[in-house]
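Peer 1: Input: one structure, supplied below.
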Amino acid sequence: MWSSRLAFILAATGSAVGLGNIWRFPYLASDNGGGAFVLVYLACIAVLGLPILLSEILIGRHGRQSPVNSLASTAEESGASRVWGGAGLNGILAGVLILSFYSVVGGWTLRYAWLYLAQLFGADPISDPAASFNGMLASAGTLTFWHLLFMLLTVGVVALGVEKGLERSVKFLMPALFVLLLVLVGYGATTGHLGEAAAFLFKPDWSKVSASVVASAMGQAFFTLSLAMGSIITYGAYLPNGISIPRVGVTVAAADTTVALLAGLAIFPIVIAFGIDPAGGGPGLIFNSLPLAFNEMPFGTVYGLLFFVLLAFAAWTSSISLLEPGTAWLVEQGIMSRRAASFSLAGLCWMLGLLSVFGFNHLADVRPFGQDIMTFIGLISNDLMLPFGGLLIALFTGWVVKESILREQLAGLPQWLFTLWRWIMRIVAPLLVLMVLVNALA
Ligand code: PFF
Ligand code: NA
């Protein structure tokens with residue numbers, strides 16, 4: 001019943017669209033000066049993200065194994081060392097760090113869904129969103145509970161290997177999330193602040209661009225497309241031959257980018273209309289602003305419930321794809337059963353996540369490089385490890401993989417685009433990533 005192209009697009013879109021689009025993108029735009037950040041981010045998607053996305057699908061489809069072994073066997077076939085599989089290990093490690101905090105934030109969305117459900121049954125509305133949000137962060141017990149629940153939902157699917165069933169629901173729930181965002185943009189328009197929001201998001205103030213702004217934009221481009229983590233290589237391994245890799249890649253990248261921009265256009269009019277400063281919103285941005293709108297909108301409680309349920313679902317399909325590559329690798333090594341591997345990894349991520357949890361309360365004084373612990377772990381994984389992994393993938397496809405393999409996998413791509421893509425892998429992407437990493441580290 002399902003065309004294979006659609007199945008791949010659903011799986012990859014389920015991985016890509018998540019908290020990165022709706023929670024992280026708007027607050028990064030807010031913290032990094034708006035338009036300039038957004039334009040650098042869009043450029044990173046076009047110049048680095050999409051081309052590397054194609055590379056990862058290609059490696060997966062050629063290797064047809066877990067990310068580590070797809071890289072290693074493709075290297076071997078091209079006359080290079082299997083050591084290239086190490087790029088997959090960097091991704092698995094980054095995945096552990098990312099899942100640790102991703103699950104904490106996934107827990108926030110579950111709790112807000114719960115709050116709106118309770119509201120539907122008569123509980124008090126969230127009258128002071130900032131106070132509610134800060135109250136939640138102050139309670140280590142609350143955060144730990146929802147973090148545990150989210151992680152259990154994730155590991156449950158991976159342990160039982162029932163991802164396929166879930167991917168089917170992506171077909172209905174992603175469009176629903178899309179429509180809901182459109183409704184919120186419409187609501188934003190009625191506040192009369194849509195233009196102002198668009199100006200904040202798209203009118204660049206280049207004086208706001210610094211090395212760290214560019215690094216954040218680049219890290220976000222990798223994070224949002226689920227790159228350098230093995231997820232896309234894993235899904236590429238199931239892509240039938242004969243389906244155009246550029247075509248599915250462009251579809252996934254376009255869907256992901258559209259959702260992020262829509263989220264921005266949905267959230268900033270509300271932020272502005274309710275007198276919140278659009279700059280410096282931080283990780284609480286959507287939780288501090290959206291409830292204000294849900295309080296005012298007709299059927300706002302229902303919208304609030306739907307919004308957080310769909311966001312939790314989008315986060316769930318992404319977190320599954322974060323846990324899957326590491327699990328697959330452990331199983332392939334023959335060390336553990338699928339169940340043992342997924343529970344061990346999830347347990348490790350959950351415990352690491354407690355650091356992020358306590359960073360908001362018991363360990364609030366611990367501020368590595370002036371950041372709370374969650375932000376710090378995000379910087380290490382998203383802004384350093386993902387671009388580093390992307391750099392390895394680019395060098396690998398640009399210089400190591402046999403040209404005949406590339407040609408076979410990208411058959412149908414016009415010659416000039418093939419050449420352009422190859423030079424991006426060889427020179428442009430490695431140089432750009434290196435420059436940004438070196439500057440950011442300095
Ligand atoms: N792309 C997801 C998001 O934007 O929320 C996050 C993510 C999922 C990153 C899977 C990496 C990954 F392997
Ligand atoms: Na994303």
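Each reported figure results from applying straightforward, stated rules to the coordinates on display, with no laboratory input. Computed from a predicted structure; not experimentally measured. Reconstructed Cβ throughout: ideal geometry from the backbone, glycine too, with neighbour counts over all protein chains shown.
Peer 1: Compute log10 of I(q)/I(0) for segment 4-441 with the Debye formula, placing one identical point scatterer on every Cα and leaving out solvent, at q = 0.06, 0.11, 0.12 Å⁻¹, to two decimals.
Peer 2: -0.23, -0.81, -0.97
Peer 1: Across segment 273-290, in residue order, what do the Karplus-derived ³J(HN,Hα) couplings come to in whole Hz, using 6.51 cos²θ - 1.76 cosθ + 1.60 with θ = phi - 60° and x for Gly and Pro?
Peer 2: 4, 9, x, 8, 5, x, 8, x, x, x, x, x, 3, 6, 6, 7, 10, 4
Peer 1: I would also like to ask the following. Dipole of the chain, Cα-centred, from +1 at each Lys and Arg C-beta and -1 at each Asp and Glu C-beta, to the nearest 20 debye? Don't skip to the end; give the middle numbers.
Peer 2: Details: 19 positive and 20 negative charges, 203 e Å.
With Lys and Arg at +1 and Asp and Glu at -1, about 980 debye.
Peer 1: Using a cut-off of 24 Å between alpha-carbon atoms, which lysines can reach LYS164, once sequence neighbours fewer than 8 places away in the same chain are excluded?
Peer 2: none
Peer 1: Please express the shape of segment 115-264 as an equivalent ellipsoid: the semi-axes are the square roots of 5 times the eigenvalues of the C-alpha gyration tensor, given largest first in whole angstrom. Walk me through the numbers on the way to the answer.
Peer 2: Working: eigenvalues 180, 143, 72 Å².
Listed largest to smallest, the semi-axes of segment 115-264 are 30, 27, 19 Å.
Peer 1: Also, I was wondering about something else. Calculate the length of the line joining the C-alpha centroid of segment 1-58 to that of segment 345-375, in whole Å.
Peer 2: 26
Peer 1: Where the centroid of each part is defined by its Cα atoms, how far is segment 106-153 from segment 158-191 in Å?
Peer 2: Centre-to-centre distance over Cα atoms comes out at 20 Å.
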